[in-house]
Each structure stands twice: as structure tokens, then as C-alpha cells.
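Throughout, read-outs are computed from the coordinates displayed, never taken from laboratory work. Keep in mind the model is a prediction, meaning the values are calculated, not measured. Cβ coordinates were reconstructed from backbone atoms using ideal geometry, including for glycine residues, and neighbour counts include every protein chain displayed.
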Amino acid sequence: MTDPIKTDVFDRLETAATARILIMDGAMGTMIQREGLTEADFRGSQYADWPSDLKGNNEILCVTQPDIIEKIHEEFLAAGADIIETNTFNCTRISLADYDMQALARELNIAAATRARVAADNWTTKTPERPRFVAGAIGPMNKTLSISPDVNNPGYRAVTFDEVVEAYKEQVAALIEGGVDILLIETIFDSLNAKAAIFAAEDVFEEMGVRLPLMISFTVTDMSGRNLSGQTVEAFWYSVKHAKPFTIGLNCAFGAEHLRPHAVALSAIAETRVCVYPNAGLPNELGEYDELPEDTAAQLGAWAEEGLLNITGGCCGTTPDHIRAIAEAVDGVSPRKPVALDPVMRLSGIDPVTLVNMVAE
């Protein structure tokens, strides 16, 4: 059994989040792209003879280029981030199979968590009155449980629920072993994949004798406010609230401008804290993000003033400059207070259903 080293993290995180709006980091992928790394850089000496191409497999950089990953963490912390994410977005054996590296999932997650832990602890030592936290990033995988990849066979799935759970369990256990404070299930385009991740986390908590705060973040994929598997923001919240997450939120998808209506909807119903970290606007025709730090910050600063946010930061395209500007924009603004809803039955399919006045006369 792993030593329950995070027994106080709930208290420390609760204290920090009650005092002010906390800041997440920005886009690890964007910062890695700025390094201009080659295939040889990705391989390093460790995987010089690997039989498949490795460029683009950001997760192996925690082993082959750990100084670069730690430097990126440091840059976001220096910009004002309270919470940094591990470089593990695609670090399950299912996603790593694209590079024939599924057997390395545990090793890579531990390496990533260790690198982030070092950086966060360095900054906590510098500013003990302001502790920094490490969130283990758990991405949605490259396979979906809700949608068939074969248009001619709608019942087909490329992976089973049990396989997804086992892959997430391996990742969660390794992240905890590496020293994370929080588990962040993010960029949720398939609600069933997210449910598998929550199930896996609960299993690991029981097996390892530890419990960490959960942050759960939904991704809106069209202007109607649904994710790829069809759920609305409200329906998704009702389908995962049993997990009692520390935050529920939104990330990726659009920039803040187009994400705002969905953040307003979520803030109105969430009985826990809300975390939103949007992209730096919409990508241009080259897939790059042009929104300036001051523009992203102005929008999120206005959201904070409206009482929509407890934690904020940036997703795709956001740099330390974006995070610094966001931190300045929300500085001194009181965090949102979770709502208290009437105790009625709230159900969810792809849409929410609320049942009231059901007492028999």
C-alpha cells in the first residue's frame, strides 16, 4: 500500500480556493512546440533505436528531455500558476499504443509526476504562504466508448469499458505514486470515458488507501453546448456529481468568448467549485492560436467579476504570458460561491431531467 502522503491536500486546497481564485497553468503542448524538437530529441538516448517514429509523443519527453518539461512547469509557476498539470494527457496504454509504447505507461506517468512535483515544491519553498499543487492530467484517450469508429456498424466499439477502466487505473496509480495532489479528468468529449476514469480512480483510492481531490472538466464541441457524445453541460454535471469533485468545469473547445454561455449555465447549477480554462481563441487556418494574453485575460477577468469562477487558466495556445495576464486580471476578485439547489430528483441522458412534485396525494 502506498503511504497516504496526501491526507492534508484537501485542507490545503480548500484553504487556498476559499481565499482567492486559483490559477491553472497553460498549454504544455504549445510550449513543447515552441522548443522545435526533432525526432532525435524525442528519442533521446533512451529510445534511439525504437522501431516507430516518436516525434509528437510529448509524454516521453519526461524521460528523454526532463529538463525541458521542468523548465516549462517553472515558467508557468513563475507566471502565477497555483496548479500545474503533469505532462500525461495521452499517457494511458491505450493512447500510447499509437507509438507501440503501451508497456511504458506506468514509467512515463511516474516520470511526469516527479518532474512536476519538483517544480511545484521549489515554488512552495519560495512562497510557503502560497502552496503550489500538482494535478495529474488524465486525458480522454484516442478511443471512444460512446461512438462507433465504423460508420457501417454503429454497434461496434474499438475498446471495451473494462479495458478503458484498467488503462485508467494504471495511469491513476502511477500518478499517485509519482506524487500528484489532484487528479484532473479533462477535455471530456465522451461522457462514458469520463465515467470509466472516475470508476478507475475510486478503485485505485480503495486499493492504495489514499484519496485525492478530483477535478472534472467537460469539453463543448459545438455551439449548442454538447460534447461529442451528445450531453449538455447540465446533463453532464448530473451524471458525474456523485463523484463529489472538488471542481467541475470546462476546458479546450472554443475561446472564452464562445464558451461564456456554457460557463454561465454550469455556474448556475454546480454545487461545487467551477474551473474554466479555455483556449486562446479559435485556431487560425494553420491551426495556431492568435488571441493575445490581454484579450484572454480581459474576458476571464470579467467572468470573475460576475462570480462565475473559482479556478481559471488556459488550454490550447496559452503561454506563460497568458497565465500571467489572467492571474493579474482575477487578482483580488472573490471566488464564486457554490450554489445550493433544491433537493429534487435530477437525472441525465443526453439532456437533463428534473422531477418535482412527485409526492403521491
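A simple rule links phi to the HN-Hα coupling: the Karplus curve 6.51 cos²θ - 1.76 cosθ + 1.60 with θ = phi - 60°, which for segment 213-223 gives x, 9, 10, 10, 9, 8, 10, 7, 10, 8, 5 Hz, with x for Gly and Pro.
Modelled label positions at D203 and R12, each set 7 Å beyond Cα in the direction of Cβ, lie 2.9 nm from each other. Modelled spin labels at I350 and R20, positioned 7 Å past Cα toward Cβ, are 4.4 nm from each other. When only Cα pairs under 8 Å and 6 or more residues apart are kept, what is the percent relative contact order across segment 9-355? RCO, segment 9-355: 19 percent. Adding -39500 (n - 2.57) for every DSSP H run of four residues or longer, then dividing by how many residues the chain holds, sets the calculated 222 nm ellipticity at -12500 deg cm²/dmol.
Remark on S348: its backbone amide H falls under 5 Å from those of V353, a criterion applied only to residues 5 or more positions apart or on other chains, H modelled at 1.01 Å from N. Close lysine pairs were tallied over the chain: pairs 8 or more places apart or on different chains with Cα atoms under 21 Å apart number 15. Near R20, once Lys and Arg are set to +1 and Asp and Glu to -1 for all other residues with Cβ below 15 Å from its Cβ, the sum equals 0. The packing ranking of peptides 225-238, 246-259, 200-213, highest mean first, is 246-259, 225-238, 200-213, where packing means the average number of other beta carbon atoms within 10 angstrom of each residue.
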